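The values are calculated or read from the model by the stated rules, or taken from the named source; none is laboratory data. It should be emphasised that the depicted structure is a prediction, and the values quoted were computed from it without experimental measurement. Cβ: placed from backbone, ideal geometry, glycine included. Neighbour counts: every protein chain shown.
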Amino acid sequence: MKPTHHVIISGGVSAVFALWAQSWGAVVACFLSGIFIDLDHHLDYFIFKKELPLSYKKLVHFLRHEHRSKLFLFLHSYEVLVLIWGAIFLLGLDLVWIGIAIGFTTHILCDEAFNPISPRGYFLTYRAKNRFARKVFFKKGHHDETAED
């Protein structure tokens with residue numbers, strides 16, 4: 001998904017969350033986590049290119065065309081999602097953490113729905129087992145093009 005789509009969806013989800021949470025900190029955390037999970041794309045770019053992607057165009061080109069690169073995408077992970085929700089329930093973390101978890105969950109679910117992600121693509125352990133090969137992240141036939149996360 002494009003960043004603008006994540007901003008729109010995170011805004012809507014955060015507005016609904018605000019009705020329940022009644023905490024500006026939690027709402028801001030929800031909104032920001034729904035967007036900034038995509039910073040891991042920048043980290044992948046940096047790991048492969050040894051420079052920061054200073055333009056969106058460079059980042060998209062990398063995501064779509066750098067087939068030799070690996071995709072780590074450490075934040076795009078069900079395991080991280082389970083850790084966050086588990087910590088909330090086990091440690092009784094506050095509304096800010098619930099906001100982070102809701103934003104994070106929304107981002108993952110939207111990516112799953114609208115991007116050509118393999119059913120196991122968001123399992124970090126599966127990607128690690130396959131040495132973070134780009135092709136295991138995407139549905140068959142789509143590993144040569146990525147969504148604009």
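Check segment 98-106 and report whether any residue there is outside any helix (DSSP H, G or I) and modelled with pLDDT of 95 or more. Walk me through how you get there before you give the answer.
Going through segment 98-106, the residues outside any helix (DSSP H, G or I) turn out to be none.
Checked against the condition, which is being outside any helix (DSSP H, G or I) and modelled with pLDDT of 95 or more, segment 98-106 yields no hits at all.
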Checklist entry - On the given criteria, is HIS76 surrounded by 13 or more Cβ atoms within 10 Å (Cβ to Cβ) and within 20 Å of LYS135 (Cβ to Cβ)? => result yes
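So which residues in segment 1-23 are part of a helix (DSSP H, G or I), under 14 Å from ILE98 (Cβ atoms) and of a type outside the set (Val, Ile, Thr)?
Step one: list which residues in segment 1-23 are part of a helix (DSSP H, G or I), which gives 3-21.
Within this subset, residues satisfying the condition of being under 14 Å from ILE98 (Cβ atoms) are 13-14, 16-21.
Within segment 1-23, SER14, PHE17, ALA18, LEU19, TRP20, ALA21 qualify.
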Checklist entry - Take the residues of segment 1-54 that are free of Cβ contacts under 8 Å to residues at least 60 places away in the same chain and under 13 Å from the mean Cα position of the chain (by Cα): which is surrounded by the most Cβ atoms within 10 Å (Cβ to Cβ)? => result ASP44
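Can you tell me which residue within segment 102-118, out of those that are in contact with a helix residue (DSSP H, G or I) (Cβ under 7 Å, 6 or more places away or on another chain) and touching a residue at least 60 places away in the same chain (Cβ under 8 Å), is surrounded by the most Cβ atoms within 10 Å (Cβ to Cβ)? Talk me through it step by step, then tell me what you get.
The first filter runs over segment 102-118 and keeps only residues in contact with a helix residue (DSSP H, G or I) (Cβ under 7 Å, 6 or more places away or on another chain), leaving 102-108, 110, 117-118.
Subset that is touching a residue at least 60 places away in the same chain (Cβ under 8 Å): 102-104, 106-108, 110.
On the way: ILE102: 26, GLY103: 28, PHE104: 23, THR106: 21, HIS107: 25, ILE108: 20, CYS110: 18.
For segment 102-118, the residue satisfying everything is GLY103.
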Checklist entry - Which of (1) under 15 Å from the mean Cα position of the chain (by Cα); (2) under 30 Å from GLN22 (Cβ atoms) does GLY86 not meet, given it meets every other one? => result (1)
Checklist entry - Could you give every pair whose Cβ atoms fall below 7 Å, whose first residue belongs to segment 72-98 and is within 27 Å of ARG127 (Cα to Cα) and in contact (Cβ under 8 Å) with a residue 60 or more places away in the chain, and whose second residue is of a type outside the set (S, T, N, Q) and in a loop (DSSP other than H, G, I, E, B), counting only separations of at least 6 or pairs across chains? => result PHE72/PHE132; HIS76/ILE37; HIS76/TYR122
